[in-house]
């Protein structure tokens, strides 16, 4: 699943970022479920999913704050 660079995420629109957050949270849920049921998975994928969610939420929050300041 390689972690995307933050510069690649910046080019996404707010709607795409929201969609990506939902998809990544679902993926994280599935990874946690696999861990709980002792199925095989790559443990670093949980870390990468959490980091990706944090990056997306940070970017979305900063964009929303900038739009509020300009209004």
Subset of the stretch 44-56 (residues that are in contact with a helix residue (DSSP H, G or I) (Cβ under 8 Å, 6 or more places away or on another chain) and surrounded by fewer than 15 Cβ atoms within 10 Å (Cβ to Cβ)): 50
Can you confirm whether the stretch 5-21 contains a residue that is closer than 30 Å to residue 67 by Cα, free of Cβ contacts under 8 Å to residues at least 12 places away in the same chain, part of a helix (DSSP H, G or I) and under 10 Å from the mean Cα position of the chain (by Cα)? yes
Does residue 33 meet the test of being exposed (fewer than 12 other Cβ atoms within 10 Å of the Cβ) and in contact with a helix residue (DSSP H, G or I) (Cβ under 7 Å, 6 or more places away or on another chain)? no
Right, residue 35: in a helix (DSSP H, G or I), under 17 Å from the mean Cα position of the chain (by Cα) and at pLDDT 95 or above or not? no
Expected output for the stretch 36-49 (first residue touching a residue at least 12 places away in the same chain (Cβ under 8 Å) and at negative phi, partner in a loop (DSSP other than H, G, I, E, B) and exposed (fewer than 10 other Cβ atoms within 10 Å of the Cβ), Cβ below 9 Å, 6+ apart or cross-chain) is 48/2
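The values are calculated or read from the model by the stated rules, or taken from the named source; none is laboratory data. Predicted model only: the values in this text are computed from it and were never measured. Glycine gets a Cβ as well: all are built from the backbone with ideal geometry, and neighbour counts include every protein chain shown.
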